[in-house]
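**Q** Got a structure for you, questions after.
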Amino acid sequence: MNAARTAVRIEGRGPVAMALALFLGRQGFGPDSTLADPVPDELPAWLSSRAIALSLGSWQLLSRVATLPAAAPILQVEVSMRGRSGRTRMRSADLHAPALGYVLRYGSLHRALAGALSARQAGATSGESAGADAALTVIADGEPGAASKLRDFGQTALLAEVVAEREGHGTAFERFTDEGPLALLPLPQPLRHALVWCGHPDESARRAALGARAFEAELGTAFGSALGALRLDSERVLAPLQRKVRTAVDETGRIAIGNAAQALHPVAGQGLNLGLRDAFELAALLGQWHASGRALADAAAAFARARRADRALTVALTDTLAQAFTWSAVARLESLALGTLDMVAPVRNRFAASLMFGLRRV
Ligand SMILES: Cc1cc2nc3c(=O)[nH]c(=O)nc-3n(C[C@H](O)[C@H](O)[C@H](O)COP(=O)(O)OP(=O)(O)OC[C@H]3O[C@@H](n4cnc5c(N)ncnc54)[C@H](O)[C@@H]3O)c2cc1C
């Protein structure tokens, strides 16, 4: 491969940027033909310890290019509304899948991908051939840019870790409250769960400042007793929630992927999964273009077309989940809908499969 003409320059050093470099490797792009920015040795502690739920589809994609770290399998997702009887459970066994997904920490995923990348680049001379004159620049720096379309949900996520009294047996809980969704995800350590509690910004700030016992009591009221008593066992971190979609259309020679293209509300844990599908499909497309001798710089329009449906559907689903279930006026209807979803297995399984593999694949 002529690196100078076929090179792809990747801006960014997050999981999506590193996954793209690794996927491109499988398409025959040598280490000299891609340039990832240097990977930082240390991430901020709050980011490194943040839990990430990877769908089964993402897990399978990444397993092809990296040795993944210890992760907690999600065997069941339980969706419910606070104070309502309706609930639905999606089980991996119903779909004959080993798990619906896996939970791991951002830092351990980052290290695994960085390790795979440095092993791949060990034999390379340098990445300089894909410098400023690269045929194609991929923006994967996690920032949709100032011109992005913004939706403010009026919510702040309170992130923390709790230790439960009872085993959840691989259950991820998603509970919709009047203020926003509250999720508890199993972590690789027994009884330990990651909490993502979305609420009004003032309320989230107040909860973050409560003493540990008062906080645990409020959490128990909001979440219920499915895991017994919950003990706070970490710092509490606040993250304001906005959805941003990049508006600058991909132009010749420049393509944005991952959070640089769209940063979603974390409800349903779809942001990184969508970004990894961006990276995988871009690598596959560039592999085809290169094999047929076409200029990589001209791939932007074809990529935008190929990704339009999955991106639009995932953004719409995430926006809806973030807001619709908080409308108290329709809460009863939503609770009925959850109960119905629980009874209609094909619909429920189709919904679960869409979360596992992306919305276009089912
Ligand atoms: C609270 C929360 C929970 C989430 N949970 C899930 C989930 O369960 N499943 C899922 O699929 N997605 C989840 N997401 C979304 C997911 O984190 C992003 O979609 C994903 O990280 C995007 O990857 P990226 O490589 O495009 O960008 P980024 O991960 O933003 O990476 C871009 C670059 O910025 C660096 N970086 C970012 N912030 C800092 C900083 N402060 N200091 C130094 N370096 C920094 C990164 O290391 C990287 O180098 C969640 C997001 C939030 C806010």
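The values are calculated or read from the model by the stated rules, or taken from the named source; none is laboratory data. From a predicted model like this one, the values you see are computed outputs, not experimental measurements. Glycine gets a Cβ as well: all are built from the backbone with ideal geometry, and neighbour counts include every protein chain shown.
**Q** Contact list please: Cβ distance under 6 Å, first residue in region 101-124 and under 16 Å from residue 12 (Cα atoms), second residue more than 10 Å from the ligand (Cβ to nearest atom), pairs at least six apart or on different chains.
**A** 113/66; 117/21
**Q** I'd like to verify a number: residues in region 219-238 that are part of a helix (DSSP H, G or I) and surrounded by 15 or more Cβ atoms within 10 Å (Cβ to Cβ), how many?
**A** Final tally of qualifying residues: 3.
**Q** Is at least one residue of region 37-54 among the small types (Gly, Ala, Ser), over 16 Å from residue 187 (Cβ atoms) and touching a helix residue (DSSP H, G or I) at 6+ places or on another chain (Cβ under 7 Å)?
**A** Checked against the condition, which is being among the small types (Gly, Ala, Ser), over 16 Å from residue 187 (Cβ atoms) and touching a helix residue (DSSP H, G or I) at 6+ places or on another chain (Cβ under 7 Å), region 37-54 yields no hits at all.
**Q** Return the pairs, sorted by first residue and then second, in which the second residue is buried (at least 23 other Cβ atoms within 10 Å of the Cβ), the first residue lies in region 167-183 and is free of Cβ contacts under 8 Å to residues at least 24 places away in the same chain, the beta carbons are less than 8 Å apart, and the residues are 6+ apart or on different chains.
**A** none
Rundown of residues vs (1) in a loop (DSSP other than H, G, I, E, B); (2) at pLDDT below 95; (3) within 12 Å of the ligand (Cβ to nearest atom), yes/no style:
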residue	(1), (2), (3)
10	no, yes, yes
16	no, no, yes
20	no, no, yes
29	yes, yes, no
35	no, yes, no
38	yes, yes, yes
43	yes, yes, yes
46	no, yes, yes
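**Q** Quick check on this structure: which one of 220, 228 is over 24 Å from residue 44 (Cβ atoms), free of Cβ contacts under 8 Å to residues at least 40 places away in the same chain and not aromatic (Phe, Trp, Tyr)?
**A** Checking each option against the conditions leaves just 220.
**Q** Could you pull out the residue among 236, 243, 231 that is more than 8 Å from the ligand (Cβ to nearest atom), over 21 Å from the mean Cα position of the chain (by Cα) and among the basic types (Lys, Arg)?
**A** 231
**Q** Restricting region 241-295 to residues that are within 21 Å of residue 321 (Cα to Cα) and β-branched (Val, Ile, Thr), which is surrounded by the fewest Cβ atoms within 10 Å (Cβ to Cβ)?
**A** Applying the filter and picking the extreme gives 245.
**Q** Would you point out which residue out of 194, 214, 300 is crowded, with 18+ Cβ neighbours inside 10 Å and out of contact with any Leu (no Cβ under 7 Å at 6 or more places or on another chain)?
**A** That would be 300, the only listed residue that is crowded, with 18+ Cβ neighbours inside 10 Å and out of contact with any Leu (no Cβ under 7 Å at 6 or more places or on another chain).
**Q** Among the numbered criteria (1) modelled with pLDDT under 90; (2) out of contact with any Leu (no Cβ under 8 Å at 6 or more places or on another chain); (3) not small (Gly, Ala, Ser), which one does residue 111 miss?
**A** Residue 111 satisfies all of (1) modelled with pLDDT under 90; (2) out of contact with any Leu (no Cβ under 8 Å at 6 or more places or on another chain); (3) not small (Gly, Ala, Ser) except (1).
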